Amino acid sequence: MYSYLITFFLAAILALALTPLAISLAKRWGVIDHPEDRRVHTVPIPRLGGAAIYLSFWLAVFVSISVDKMLIGIFLGSTVIFIVGIYDDIKGIRALHKLLWQLFAAIIPLFFGLGLYVNELTLPLLGTISLGVFAYIFVVLWIVGLVNTVNISDGLDGLASGICFIAALILFWAAHRIEQFPAAFLMLALAGAALGFLFYNFHPAKIFMGDSGSMFLGYIIGAASLWGLLKTAAVLGLVFPLIVLGMPLMDMAFAIVRRKWKGKSVARADKGHLHHRLLDSGLNQREAVIVLYLISLCFGLAAMFLIYGSWYVAIVLTVINFVLILRIMFRKFNLLRLNGKNN
């Protein structure tokens with residue numbers, strides 16, 4: 001337990017110390033996110049927070065656990081995704097090129113044995129199914145999917161970092177419960193790094209994480225969940241991370257449907273995400289972020305109840321979240337404001 005606490009607080013302290021340095025360097029190098037029509041901020045904000053998250057996470061991990069083959073694979077893959085994100089934050093990169101680099105980064109852990117962790121799954125009624133070559137395809141799609149899930153949720157001050165903090169803590173609990181300790185340490189280090197960064201990223205943000213941060217967070221969650229939770233070869237290992245990240249996954253799903261319905265490219269950004277709809281309903285940034293935190297926390301609790309066999313509670317929480325998200329997406333969300341007014 002002490003090792004866990006050291007990992008968590010080391011990552012958080014490193015993030016607290018390195019983020020001001022990232023702010024200073026971003027200003028010096030001109031890595032600034034300027035206001036535009038799709039953005040919600042009104043002043044230029046430094047955009048190099050991903051570097052602080054990346055460094056604080058890996059420093060804490062390498063201090064906490066022994067380096068093995070799998071960890072090297074995840075380190076190399078996450079470094080590629082981080083570098084691609086940094087380049088995108090500074091120079092910009094076309095969506096197709098970014099996707100190709102994401103695929104390349106997701107393939108790297110396969111050479112270090114990650115595909116062996118998901119070579120079979122145990123499904124209800126069907127029993128154990130061998131995935132064969134599809135295990136490798138699944139690994140790549142899983143990681144790339146979670147990279148973009150977190151990336152698409154990074155739309156308000158503190159939103160992506162807070163959601164990843166909540167998700168990482170719950171995934172840590174799940175990995176520790178089945179004694180997958182390396183994955184548990186990775187999730188705790190990620191939670192610590194996200195929390196330390198959140199002190200500077202919560203509204204009003206002093207720095208943004210950029211694509212380098214959001215894609216890195218999604219990559220680590222994707223790779224670590226495969227390394228730990230799916231090693232059990234049980235369907236719950238597959239479903240658990242999906243439920244924990246239910247809110248950003250639903251947001252991404254609605255974005256794909258919405259853009260295809262309008263005849264637009266799914267890679268083209270718009271102002272139809274959950275956080276945009278909450279702002280349209282009259283909430284300010286902090287209120288919108290807190291609402292989405294609570295939805296994410298409820299998804300996490302649903303996943304935990306599912307593990308304990310409380311299916312009915314898990315289903316009720318999931319349905320409530322689903323209905324609430326639908327109301328937000330269709331602009332029928334109403335919340336009693338703190339100042340006593342209705343929106």
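Go through PRO44, PRO20 for me and flag whichever is touching a His at 6+ places or on another chain (Cβ under 8 Å) and exposed (fewer than 14 other Cβ atoms within 10 Å of the Cβ).
So the residue among PRO44, PRO20 that is touching a His at 6+ places or on another chain (Cβ under 8 Å) and exposed (fewer than 14 other Cβ atoms within 10 Å of the Cβ) is PRO44.
Before we move on, is ILE53 in contact (Cβ under 8 Å) with a residue 12 or more places away in the chain and under 28 Å from MET1 (Cα atoms)?
Taking the combined requirement at face value, the residue satisfies it.
Please work out which residue is farthest from the chain's Cα centre (by Cα), limiting yourself to segment 246-302 and to residues that are among the charged types (D, E, K, R) and surrounded by 14 or more Cβ atoms within 10 Å (Cβ to Cβ). Even if it seems obvious, please write down each step before you answer.
Residues of segment 246-302 that are among the charged types (D, E, K, R), as a first pass: 251, 258-260, 262, 264, 268, 270-271, 277, 280, 286-287.
Subset that is surrounded by 14 or more Cβ atoms within 10 Å (Cβ to Cβ): 251, 258-259, 271, 277, 280, 286-287.
Values: ASP251: 13, ARG258: 22, ARG259: 22, LYS271: 20, ARG277: 20, ASP280: 24, ARG286: 19, GLU287: 20 Å.
Per the criteria, the residue is ASP280.
Tell me yes or no: at least one residue of segment 228-245 is in contact with a Gly (Cβ under 6 Å, 6 or more places away or on another chain) and closer than 21 Å to TYR293 by Cβ.
Taking every residue of segment 228-245 in turn, at least one turns out to be in contact with a Gly (Cβ under 6 Å, 6 or more places away or on another chain) and closer than 21 Å to TYR293 by Cβ.
Specify the residue that is modelled with the lowest pLDDT; the eligible residues are those in segment 302-332 that are of a type in the set (Phe, Trp, Tyr) and in a helix (DSSP H, G or I).
Within segment 302-332, the match that is modelled with the lowest pLDDT is TRP311.
List, please: which pairs have Cβ atoms under 6 Å, are six or more places apart or on different chains, and start with a residue in segment 1-28 that is among the β-branched types (Val, Ile, Thr) and end with one that is part of a helix (DSSP H, G or I)?
THR7/ALA60; THR7/SER64; THR7/PHE185; THR7/LEU188; THR7/ALA189; THR19/ALA52; THR19/PHE197; THR19/TYR200
Quick check on my filter: what residues within segment 71-101 are closer than 19 Å to PHE112 by Cβ and either β-branched (Val, Ile, Thr) or surrounded by fewer than 16 Cβ atoms within 10 Å (Cβ to Cβ) (or both)?
ILE72, ILE74, LEU76, THR79, VAL80, ILE81, ILE83
Evaluate the following for ILE163: is it β-branched (Val, Ile, Thr) and buried (at least 24 other Cβ atoms within 10 Å of the Cβ)?
Here the answer is yes, as ILE163 does meet what is asked.
Could you look through segment 87-128, keep only residues that are among the small types (Gly, Ala, Ser) and at pLDDT 95 or above, and pick out the one that is nearest to HIS34 (Cα to Cα)?
Restricting to residues being among the small types (Gly, Ala, Ser) and at pLDDT 95 or above, the top hit is ALA105.
Can you pull out the residues in segment 1-29 that are out of contact with any Ser or Thr (no Cβ under 6 Å at 6 or more places or on another chain), among the small types (Gly, Ala, Ser) and over 14 Å from ILE207 (Cβ atoms)?
SER3, ALA12
The values are calculated or read from the model by the stated rules, or taken from the named source; none is laboratory data. Predicted model, so just to flag it, every value in this text is computed and none were measured. Please note: Cβ atoms are built from the backbone with ideal geometry, for glycine as well, and neighbour counts cover all protein chains shown.
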